[in-house]
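The values are calculated or read from the model by the stated rules, or taken from the named source; none is laboratory data. Note that the coordinates shown come from a computational prediction; the quantities given were computed from them, not determined experimentally. So basically every Cβ, Gly included, is an ideal-geometry build from the backbone, and we count neighbours across all protein chains shown. Only protein heavy atoms, including side chains, enter the accessible area calculation; ligands, DNA and RNA are left aside. Shrake-Rupley method; radii C 1.70, N 1.55, O 1.52, S 1.80 Å.
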Amino acid sequence: MTALAKAKALALIVPLALLGGAYGFQYLWAHLWPCEMCWWQRYAHFAALPFGVAALLIGSRMRDQGRLLVWLAALAIFISGAIGFWHAGIELKLLPGFTHCTAPLGGGSADDMLKAVFDRPMVRCDDVQWSWLGISMAGWNAILSLLSAFAILWLSLRKPKAA
């Protein structure tokens with residue numbers, strides 16, 4: 001497997017795995033509700049997915065062999081990691097956070113929105129809901145996303161070995 005093929009695989013596997021972990025913690029294992037910044041990290045991984053899929057499916061037919069698609073996926077993964085780094089800094093009280101609680105609301109009547117406010121868990125961005133080895137989920141996302149983005153970039157820039 002070439003280095004570029006490995007980069008393409010990582011560009012798809014990393015956001016899938018990290019989104020799978022986030023949704024697993026939300027719905028299957030711990031019932032942890034995401035805060036606003038958790039959503040921002042997810043959005044960046046969602047943005048990486050179509051680039052990773054396209055790099056695998058049509059990248060080899062492109063003039064650059066799909067490197068641009070891989071780089072765009074790596075950029076989105078990097079952005080998620082940067083937001084995770086910022087979020088972890090807020091959780092550790094090293095960086096200033098929000099001055100209000102956040103929870104997304106849907107549309108509808110005033111009664112529907114009021115009911116949604118009281119039915120929805122309010123999750124603060126500066127509260128750590130879960131950690132492992134002293135690192136929160138945001139911290140793990142930062143570590144895994146930033147390392148993965150750099151690995152994808154490095155693999156995509158490696159020259160093919162001469163046959």
Worksheet item: For the subset of segment 29-43 comprising residues that are assigned to a helix (DSSP H, G or I), open to solvent by 10 Å² or more (accessible area, probe 1.4 Å) and in contact (Cβ under 8 Å) with a residue 40 or more places away in the chain, which member is nearest to residue 80 (Cα to Cα)?
Response: 41
Fill in: Where a residue in segment 146-158 is within 19 Å of residue 41 (Cβ to Cβ) and its partner, wherever it lies, is surrounded by fewer than 13 Cβ atoms within 10 Å (Cβ to Cβ), with Cβ under 6 Å and at least six apart
none
Worksheet item: Quick check, is residue 60 small (Gly, Ala, Ser), open to solvent by 60 Å² or more (accessible area, probe 1.4 Å) and part of a helix (DSSP H, G or I)?
Response: yes
